[in-house]
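Worksheet for the structure shown next.
The values are calculated or read from the model by the stated rules, or taken from the named source; none is laboratory data. The model shown is predicted, which means the values in this text are computed figures rather than measured ones. Glycine gets a Cβ as well: all are built from the backbone with ideal geometry, and neighbour counts include every protein chain shown.
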């Protein structure tokens, strides 16, 4: 049976964790039970092992308890949507998926209720977020969610038509399919980092956000490539590289790791290119950058050490590679 | 003496040219004479051979005469600034360069005059542009120029400190060093294409603009790599690839061509992914896309067939490669 060796990944950034992590986990398990995501002890045991609150607590290490719960619930909601896409094969039914995500957009834009587990729980999250962020922030968050849903439709269309995207297409769409831009927008309301629009839109800041996003997503693609190869999903950088270049899975893993490491180098190089915007703004921007860095290590630490969701090992057994 | 073979580049887009091209050339030569850029018959003969108006006429094939002259003068101004960077070694003096570009930013932001050839001519262009574009457009154009100047400072800092950028850094900064984003903003006022902000900011539209920019700039880097290698400038994708990967110039040319062709493929793939925004907006967006396509062919046709500026041949003789 073929095996692949996962590359060793080391980041030049610290690993931090929020002091409220266990309390947030308690709140999160209550929240999924209250909204009807989890209905059996077995499902709750699996949920406990997923330790979603740890991802949020590592990514947002300085958030207050209420804010940490809000973002942990939001990220849990994204995982639940992802599971529905897999389990109910929603991820293949692109027309029905568009109907579902239109409902979520109506929640975001008009607070129109949607009477499903995902709909009611999303309204609950969005109500708390609206209390935390002003209308300008809300508009940015809504846009990032709209882009996320658009990328979900793209994936569903590919699955329905059995299309393997090109590497260039995949790299273009990948930053959206993980919804990480929504999490980056959330930095303002969760870690209380307030930056003027022209700083957030500065091209070096934007490229740093994209680099953070690429690093997180491509690392995920490395961790999950064996599982996704088994499941037949092609939306993974390792698998699109393997397909397009006609190389082995191990070679594709190595190429993904090379691209990932280049992106880490780019991140550290671009940090040094940031101009000064004045002492106060620079301090705030440094807090923003710190959350980007903690997202990078959070994703790795959570995937490797915390969660039972991916069961990542350094050597993976692959079937049908 | 080592030679390199330039790859054959073919685009799946039409080559068009504005009907006012020769009249715009006449206006442009009068304009450079009036503002004191050109003071000798020899310089005017060289200017004539550069045929800058042809680049603008190919990129903006449907612009009216006044608009075509405005953008031809603007692009000529950029070339004149570029020449000053080379000839007066302004491109190495990063502190002085910042002083110069601060003056241009003051023209853009406050219409503050700058009493130099570049300053007076820039004011003349900006006055015409302000009459053509509303304040929202002006803000976008100013931002694109600010990003362009920031990237010039980055290049100057590298030259002063003898730094060869990494490929990742170079690819990040290259879309700005060519000022092409400013030309893309100019589509609104030159070709009268009016798109709402959320369409211009749509992530697929943005990636299409970046792809257009990368295609134009990387093609330029291929055409000019022999000249820039001779001049010792490292700000060229071919040359940073050669340096970072320790490969031959021909191998680096081939790799640049591969990246360039991938970007063309991405452009055509992303065009198909654009969602519909309603019949009227779709029509306007198609006009916008048509200018992006004509920029791509304009750059190639002008570099190869029109201008004497680069003297591009299919086989280049290289010294000190």
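Some values worked out for this structure:
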item: Helices (runs of 4 or more DSSP H) wholly inside region A:183-251 containing at least 3 residues that are surrounded by 16 or more Cβ atoms within 10 Å (Cβ to Cβ) and more than 14 Å from chain B (Cβ to nearest Cβ); result: A:187-190, A:203-231, A:237-245
item: Residue in region A:272-293 that is within 14 Å of chain B (Cβ to nearest Cβ) and part of a helix (DSSP H, G or I) present; result: yes
item: Where residue B:146 falls short, out of the listed (1) surrounded by fewer than 18 Cβ atoms within 10 Å (Cβ to Cβ); (2) within 14 Å of another protein chain (Cβ to nearest Cβ); (3) in contact (Cβ under 8 Å) with a residue 12 or more places away in the chain; result: (1)
item: Condition broken by residue A:133, with the remaining ones in (1) within 25 Å of residue A:286 (Cα to Cα); (2) modelled with pLDDT under 95 satisfied; result: (2)
item: Residue B:139 being modelled with pLDDT of 95 or more, within 14 Å of chain A (Cβ to nearest Cβ) and either surrounded by 22 or more Cβ atoms within 10 Å (Cβ to Cβ) or out of contact with any helix residue (DSSP H, G or I) (no Cβ under 8 Å at 6 or more places or on another chain) (or both); result: yes
item: Residue in region A:86-99 that is out of contact with any strand residue (DSSP E or B) (no Cβ under 9 Å at 6 or more places or on another chain), farther than 18 Å from residue A:182 by Cβ and surrounded by 21 or more Cβ atoms within 10 Å (Cβ to Cβ) present; result: yes
item: Lone unmet requirement of (1) touching a residue at least 60 places away in the same chain (Cβ under 8 Å); (2) surrounded by fewer than 21 Cβ atoms within 10 Å (Cβ to Cβ); (3) closer than 20 Å to residue A:10 by Cβ; (4) under 20 Å from the mean Cα position of the chain (by Cα) for residue A:268; result: (4)
item: Yes/no for residue B:99 being farther than 28 Å from residue B:48 by Cα, modelled with pLDDT under 95, within 14 Å of another protein chain (Cβ to nearest Cβ) and part of a helix (DSSP H, G or I); result: no
item: Residues of region B:145-167 that turn out to be more than 13 Å from residue B:102 (Cβ to Cβ), assigned to a helix (DSSP H, G or I) and in contact with a helix residue (DSSP H, G or I) (Cβ under 8 Å, 6 or more places away or on another chain), as a count; result: 10
item: Positions within region A:99-126 being in contact (Cβ under 8 Å) with a residue 24 or more places away in the chain and either within 18 Å of residue A:35 (Cα to Cα) or over 20 Å from the mean Cα position of the chain (by Cα) (or both), in sequence order; result: A:104, A:109, A:117, A:118, A:120, A:121, A:122, A:124, A:125
item: Residue tally, condition free of Cβ contacts under 8 Å to residues at least 60 places away in the same chain and under 20 Å from the mean Cα position of the chain (by Cα), over region A:271-300; result: 1
item: Residue that is farthest from the chain's Cα centre (by Cα), among those in region B:160-173 that are farther than 16 Å from residue B:243 by Cα and within 12 Å of chain A (Cβ to nearest Cβ); result: B:172
item: Filter result for residue A:257 (surrounded by 14 or more Cβ atoms within 10 Å (Cβ to Cβ), under 26 Å from residue A:297 (Cα atoms), touching a residue at least 60 places away in the same chain (Cβ under 8 Å) and more than 12 Å from chain B (Cβ to nearest Cβ)); result: yes
